[in-house]
Amino acid sequence: MTLIQTFHGTSSNGTRLTAVYAEQPAANVAFALVFPGDDLPRLVHWGRPLAAPETVIDMFDALAPQRVSAELDYTAWPSVLPTQSESWIGATRFDVRRDGTELFCKFQVTDITAETVAAGNAYDLTEENGYPNWTVAAEPKRTPTVTVTAQDAEQGVKLVWTCELDETGLI
């Protein structure tokens, strides 16, 4: 049975945090996202299921990049969609233009939905007379799904980002 949970907390610097933990026990895989304030999420875990999923809220502080001398005052930690507003200095990952002019968006999360959704037919593999036998399972596939709505009201740009953990453990 799949699992998806949401947790709330505060980082060591006072930032409000929302964490989403999703698990596919059959694949022995889980992932966790942490949303700092109204920012897009950071991926903080993808691996084996955690014994105490509520601890993912603390992964934000544990994994936050530390400032190294001669660097910026703010050490960039890119979200799932890095933009210049996050101090991202790497290759462009999001390019949107209006009338030929590039927009530099600062997205704010307006909605987070974490749920398990039915995602088509599941199949059971059995053996019959020494041959594999596939049958449609009684229950549909259940896929932990996170849907995030974010917008930059000033630029008039809105996005919907969806993350699923399929039955093989692939995000």
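The values are calculated or read from the model by the stated rules, or taken from the named source; none is laboratory data. Everything quoted here is computed from the prediction, not taken from an experiment. We place every Cβ from the backbone using ideal geometry, glycine too, and count neighbours over all the protein chains shown.
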In the stretch 5-37, the residues that are of a type in the set (G, A, S), touching an Asp or Glu at 6+ places or on another chain (Cβ under 9 Å) and closer than 17 Å to L170 by Cβ: A22, A26, A27, A30
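Restrict the check to the stretch 92-112 and report whether at least one residue is in contact with a Cys (Cβ under 9 Å, 6 or more places away or on another chain), modelled with pLDDT of 85 or more and either outside any helix (DSSP H, G or I) or of a type in the set (D, E) (or both). I'd like the intermediate steps shown before the answer.
If we filter the stretch 92-112 for residues that are in contact with a Cys (Cβ under 9 Å, 6 or more places away or on another chain), which is where we start, we get 94, 96.
Next, from what is left, pick out any that are modelled with pLDDT of 85 or more: 96.
Still in the running and either outside any helix (DSSP H, G or I) or of a type in the set (D, E) (or both): 96.
Within the stretch 92-112, one or more residues are in contact with a Cys (Cβ under 9 Å, 6 or more places away or on another chain), modelled with pLDDT of 85 or more and either outside any helix (DSSP H, G or I) or of a type in the set (D, E) (or both).
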Pull up the stretch 21-42, narrow it to residues that are touching a helix residue (DSSP H, G or I) at 6+ places or on another chain (Cβ under 9 Å) and of a type in the set (D, E, K, R), then point me to the one that is farthest from P82 (Cα to Cα). E23
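Filtering the stretch 30-55 down to residues that are among the aliphatic types (A, V, I, L, M) and farther than 18 Å from T162 by Cβ, which residue is nearest to the chain's Cα centre (by Cα)? Explain how you work it out, then say what you get.
Of the stretch 30-55, the ones among the aliphatic types (A, V, I, L, M) are 30, 32-34, 40, 43-44, 50-52.
Next, from what is left, pick out any that are farther than 18 Å from T162 by Cβ: 44, 50-52.
On the way: V44: 9, L50: 16, A51: 19, A52: 18 Å.
The residue in question is V44.
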From V148, V160, V136, residue being surrounded by fewer than 13 Cβ atoms within 10 Å (Cβ to Cβ), modelled with pLDDT of 85 or more and either part of a strand (DSSP E or B) or over 14 Å from the mean Cα position of the chain (by Cα) (or both): V160
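For residues that are among the aliphatic types (A, V, I, L, M) and in a strand (DSSP E or B), scanning just the stretch 1-28, find the one that is nearest to D39 (Cα to Cα). So that I can check it myself, show each step before the final result.
Residues of the stretch 1-28 that are among the aliphatic types (A, V, I, L, M), as a first pass: 1, 3-4, 17, 19-20, 22, 26-27.
Next, from what is left, pick out any that are in a strand (DSSP E or B): 3-4, 17, 19-20, 22.
On the way: L3: 24, I4: 20, L17: 10, A19: 12, V20: 14, A22: 20 Å.
Ranking the qualifying residues of the stretch 1-28, first place goes to L17.
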Take A119 and tell me if it is on the phi < 0 side of the Ramachandran plot and modelled with pLDDT of 80 or more. no
